[in-house]
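Read-outs throughout are calculated quantities, based only on the coordinates presented, and are distinct from any laboratory measurement. Source: prediction; values computed, not measured. Cβ coordinates were reconstructed from backbone atoms using ideal geometry, including for glycine residues, and neighbour counts include every protein chain displayed.
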Amino acid sequence: MSATTRIYFCLFGYGGLAEETIDCLIGALIETSRSGCSLKFTRAVGDALISRSRSKAMSAFLDSDAHVLFTVDHDIVFPPEALVGLCRLALDANGIVSGLYANRGDGQGISARLSEGEEIQLGSNKLVQAVYAPAGFTAYPMAVVEGMLRRFGPDSHSIEPDLRLSLCRYLDGSTFYDFFRPFVVRNEVHGCNEYLSEDWAVCARARAAGFNSYVWPKPTLIHMGRRGYKVEGNNDGATTTADQEANG
């Protein structure tokens, strides 16, 4: 990634910001400025439906001149330098890259599903391929977003209803593509239908359009709840433990 790379930063602050996340954001903005990268800061507001608010943010990024979309949720604590590092890796890989973080609960594992045969080594700088990656600390290159729209947008010839993207209109008159619309897939391993969350659904669309998703296990991320949860151990069956009591 060159020093002139443009980052479109979107904070999802629904439910209020964790105090620790605010500290990280300030540090990340300073670190990004030092890196020579340009950054446009935006905040998703006025919409409680996360699949729609993420879709609107990605559509706004599509209309920008930025190279990569970076999304962070209100309850993720991260090393400030990891923002630029994540964006660099995503652009180099030409794929979706997420930091590795725990689900918010004891023993509930990580928020990604790894590809078969992949293993995680905490602290490693090597990207780990994933079937699905979360959106709470994630980078999406412009080429991936444009590729999804080209493959599944209204002007395409796609007839796959779950993957297809539609141009939607919101109450304020703005329009957006439903990149993060959830849908159901068949899980043959467990012999059941699986409802994909919005962040996993966009990974499925990206993969169908020819782009991979990855997890970056180098930075230590903490998912704040009533306590802060972080990953301990390896692979997507990793245990999660409370790192610290959250204020409030």
MRE, 222 nm, helices only [DSSP H, n ≥ 4, -39500 (n - 2.57), over the chain, to nearest 500]: -8000 deg cm²/dmol
Can you find, among Gln121, Pro79, Ser35, the residue farthest towards the positive end of the dipole of the chain? Put +1 on the C-beta of Lys and Arg, -1 on that of Asp and Glu. Ser35
Residues whose modelled amide H sits under 5 Å from the amide H of Gly109, counting only those 5 or more places away in sequence or on another chain, are Asn103, Thr240
Which of the three applies to region 45-127, rounded, prolate or oblate, going by the alpha-carbon gyration tensor with a ≥ b ≥ c and a/c under 1.5 meaning rounded? oblate
What does the C-alpha gyration tensor say about the overall shape of the chain? Classify as rounded when a/c is under 1.5, otherwise prolate if a/b is larger than b/c, or oblate. rounded
In Hz, Karplus ³J(HN,Hα) per residue of region 185-193 (6.51, -1.76, 1.60; θ = phi - 60°; x = Gly, Pro): 10, 8, 9, 6, 5, 9, x, 8, 7
Bridge type composition, region 6-234 - antiparallel percent by DSSP, nearest 5: 60
Report the local net charge at Ala93: Lys and Arg +1, Asp and Glu -1, summed over other residues whose C-beta lies under 15 Å from its C-beta. +2
For region 125-152 and region 66-93, what is the separation of their C-alpha centers, rounded to whole Å? 12
Using the Cα centre of region 85-223 as origin and beta-carbon charges of +1 (Lys, Arg) and -1 (Asp, Glu), tell me which of Ser158, Met142, Gln108 is placed farthest towards the positive end of the dipole. Met142
Within 10 Å of each residue's Cβ, count the other Cβ atoms and sort Lys126, Lys40 from fewest upward. Lys126, Lys40
So how do 206-212, 43-49 stack up, highest first, on mean other-Cβ count within 10 Å? 206-212, 43-49
Using +1 on the beta carbon of Lys and Arg, -1 on that of Asp and Glu, and nothing else charged, what's the dipole of region 1-146 about the Cα centre, debye to 20? 340
For a test of the definition: using alpha carbon positions, the gyration tensor, and the 1.5 limit on a/c, classify region 81-222 as rounded, prolate or oblate. prolate
What is the fewest-to-most order of Lys56, Lys230 by other Cβ atoms lying within 10 Å of their Cβ? Lys230, Lys56
Under a Cβ-only charge scheme (Lys and Arg +1, Asp and Glu -1), can you give me the dipole magnitude of the chain about the Cα centre, in debye to the nearest 20? 500
Less than 28 Å apart at the alpha-carbon level, and either on another chain or at least 8 residues along: which lysines does that give for Lys218? Lys40, Lys126, Lys230
Quick calc, region 117-182, dipole around Cα centre from Cβ unit charges on Lys, Arg (+) and Asp, Glu (-), nearest 20 debye, gives 100
Which ³J(HN,Hα) values in Hz, rounded to whole numbers, follow from the phi angles of region 117-129 under the Karplus curve 6.51 cos²θ - 1.76 cosθ + 1.60, where θ = phi - 60° and Gly and Pro get x? x, 7, 10, 10, 10, 4, x, 6, 8, 7, 5, 10, 5
Charge-dipole axis of region 6-234 as Lys and Arg at +1 and Asp and Glu at -1 on Cβ define it, positive-most pick from Leu25, Ala93, Leu171: Leu171
